[in-house]
Amino acid sequence: MTVALDQGPLVSRDVDATLNQLATTARAAADRGAGLLVCPEMSTTGYNIADDIPRLAEPANGRIAREIRGITAESGIAVLYGYPERDGDRVHNTAALVSADGEPLAAYRKTHLYGDLDRKWFAPGHLPVVQAAVDGVRVGVLVCYDVEFPEMVRAHAIAGTELLLVPTALMRPYDFVADTLVRTRAYENQLHVAYVNRCGREADLEYCGKSVLVAPDGTELVRASDGEELLFGTVDPAAVLAERLDNTQLADRRPELYPGLAQALRA
């Protein structure tokens, strides 16, 4: 499957503009043969929008979801997008996956909240592994800070994820995450990782870009710089199987030695 990574200086607080931009990008990606388009964290509204989050938050079946279902059906490409999801009195930082036929496939609520902005405005999700099938590839979803917790990616590896999608809003000076940590996560779990960042400035944040698609052996298949780019890379589930035969970390685990490790570290 060909995957498109959309690294852009997305318009903040203007849903109409972002949806129009997404429609254009989806058509361009589909024309290049991509089966999946991955957008950054909170791609439809902007991430660093603080007190506009309650105003822009929508339910899972709201206007944003309906518009994007139409975009995917018209362009014939699956799309992963981000938005503030309203659920009663709570708002979640959610990444939603829609099929090329316009059908909802999966929705993941960011579980690890980073910094004052996340913690003030969002409620954490509680489901660690969310998966769906896209063009025969088992796809999983995390959001930004989640990938920095090795337990989260390992949970996906154990559950059979072949391509892990990580929409993000990584700002400077934390380039190390995009440069090094994402490759490590792919290597130690023998899966593909599509890490898709924003670029440019948004209020007082400067995003570092550097979106990347990493193979199960830790090599970079495609890599962006710090500017606007639409990248394309190929994901092959056979590469996951081949790498797990060569790199046997998952098979060599001894879970009986560390069943309570996470709880012990919390104590």
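The values are calculated or read from the model by the stated rules, or taken from the named source; none is laboratory data. The model shown is predicted, which means the values in this text are computed figures rather than measured ones. Note that each Cβ is placed from the backbone with ideal geometry, even for glycine, and that neighbours are counted across all protein chains shown. Ligands, DNA and RNA are stripped out before the accessible areas are found, and what is left, the full protein with its side chains, is counted by its heavy atoms. Shrake-Rupley method; radii C 1.70, N 1.55, O 1.52, S 1.80 Å.
Separation of segment 2-71 and segment 191-267, taken as the distance between their Cα centroids, equals 22 angstrom. Sequentially through segment 73-88, phi angles give Karplus couplings (6.51, -1.76, 1.60; θ = phi - 60°) of 5, 6, 8, x, 9, 6, 9, 9, 10, x, 6, x, 9, 8, 9, x Hz, Gly and Pro residues having no value and appearing as x. With protein chains left intact and a 1.4 Å probe, residues in the chain average 43 Å² of accessible area per residue. Computed over the chain with a Gaussian network model linking Cα atoms closer than 10 Å, the most mobile of 236, 16, 204 is 204. Here the 3J(HN,Hα) profile of segment 229-246, calculated from phi with Karplus coefficients 6.51, -1.76 and 1.60 at θ = phi - 60°, is 8, 10, 9, 10, x, 10, 10, 10, x, 4, 5, 5, 4, 5, 5, 6, 6, 7 Hz, Gly and Pro shown as x.
Please find the FRET efficiency linking residue 66 to residue 159, where r is the Cβ-Cβ separation and R0 is fixed at 25 Å, and quote it to the nearest 0.05. Show your work: numbers first, answer last.
Values: r = 30 Å, r/R0 = 1.19.
It comes out at approximately 0.25.
Round to the nearest 0.05 the FRET efficiency obtained for residue 251 and residue 126 when R0 = 45 Å and r is the Cβ-Cβ distance. Present the calculation step by step, with values, prior to reporting the outcome.
Details: r = 29 Å, r/R0 = 0.65.
The value I calculate is 0.95.
What do you reckon, how do 56, 257 stack up by accessible area (1.4 Å probe), largest on top? Numbers along the way, then the final one.
Values: 56 15, 257 105 Å².
Final ranking, largest accessible area leading: 257, 56.
Straightening the chain between residue 28 and residue 229 buys 71.1 nm, computed as 0.36 nm per residue apart minus the Cα-Cα spacing. Note on surface exposure: 145, 108 rank 145, 108 by accessible area, highest first, 1.4 Å probe. Taking amide hydrogens as placed 1.01 Å from N in the peptide plane, the amide H of residue 174 sits under 5 Å from that of no residue at least 5 positions away in sequence or on another chain. Taking amide H atoms as placed 1.01 Å from N in the peptide plane, the amide H of residue 125 lies under 5 Å from those of 110, 111, each 5 or more residues away in sequence or on another chain. Label-to-label distance for residue 242 and residue 180 is 2.9 nm, based on points extended 7 Å past Cα in the beta-carbon direction. Summary value for segment 1-115: 25 percent relative contact order, contacts being C-alpha pairs under 8 angstrom separated by 6+ residues.
Per residue, the average separation of C-alpha pairs within less than 8 Å and at least 6 apart gives segment 133-267 a relative contact order of 19 percent. Of the solvent-accessible surface of the chain, computed with a 1.4 Å probe over protein heavy atoms with every protein chain present, carbon and sulfur atoms account for 51 percent.
The 1.4 Å probe gives accessible areas that order 72, 248, largest first, as 248, 72.
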